[in-house]
């Protein structure tokens with residue numbers, strides 16, 4: 001009998017008026033990522049390390065308009081061009097050391113994100129699946145209690161992607 005805690009994933013979907021390859025590139029090229037991978041307008045995104053491939057990783061800093069810095073370490077598990085990518089993100093410091101989330105005690109230490117893309121008639125449907133990996137009871141509870149807010153973080157980032165794609169089409 002397993003004591004593993006399973007948390008239902010948060011699933012967000014979007015449709016982009018852009019070819020699938022371009023949307024895929026926007027997720028896998030740091031020159032694109034730095035222009036949209038942050039939750040709100042006014043943030044900046046800067047990569048100190050980017051090796052986007054199966055087994056690779058990135059380390060990037062998001063800076064809020066008032067100067068607060070947040071570092072994220074991303075480890076890529078599987079990239080299947082141009083259809084999908086799977087990665088795990090961690091709160092970190094500038095050296096890539098994994099740290100607890102400074103704003104949310106008991107936030108899950110590991111979160112897997114799966115991005116699935118499918119093009120139909122020149123438009124690309126994106127499905128983002130976000131789920132904690134092996135959470136503690138406390139981490140599962142915090143993820144569940146914040147579920148109504150998930151669309152504000154990733155959802156806002158996906159809106160930034162919409163705006164960015166319009167500037168490069």
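Screening residue 107 on (1) surrounded by fewer than 17 Cβ atoms within 10 Å (Cβ to Cβ); (2) more than 12 Å from the chain's Cα centre (by Cα); (3) touching a residue at least 12 places away in the same chain (Cβ under 8 Å) shows it passes everything except condition (1).
For segment 132-146, filtered to residues that are in contact with a strand residue (DSSP E or B) (Cβ under 8 Å, 6 or more places away or on another chain) and more than 16 Å from residue 103 (Cα to Cα), the residue that is surrounded by the most Cβ atoms within 10 Å (Cβ to Cβ) is 132. When every residue of segment 121-129 is checked against the conditions, none turns out to be in contact with a strand residue (DSSP E or B) (Cβ under 7 Å, 6 or more places away or on another chain), outside any strand (DSSP E or B) and surrounded by 14 or more Cβ atoms within 10 Å (Cβ to Cβ).
Here is a check on your reading of the model: is residue 151 in contact (Cβ under 8 Å) with a residue 40 or more places away in the chain, on the phi > 0 side of the Ramachandran plot and surrounded by fewer than 16 Cβ atoms within 10 Å (Cβ to Cβ)? Criteria not met by residue 151. Exactly one residue out of 60, 49 is closer than 13 Å to residue 157 by Cβ, in contact with a strand residue (DSSP E or B) (Cβ under 6 Å, 6 or more places away or on another chain) and either at pLDDT 95 or above or not in a loop (DSSP other than H, G, I, E, B) (or both), and it is 60. Restricting attention to segment 21-46, the residues that are in a loop (DSSP other than H, G, I, E, B) and within 13 Å of the chain's Cα centre (by Cα) total 5.
The values are calculated or read from the model by the stated rules, or taken from the named source; none is laboratory data. Owing to the predicted nature of the structure, the values given are computational and were not obtained by experimental measurement. Using ideal geometry, Cβ is built from the backbone for each residue, glycine included, and neighbour counts are taken over all protein chains shown.
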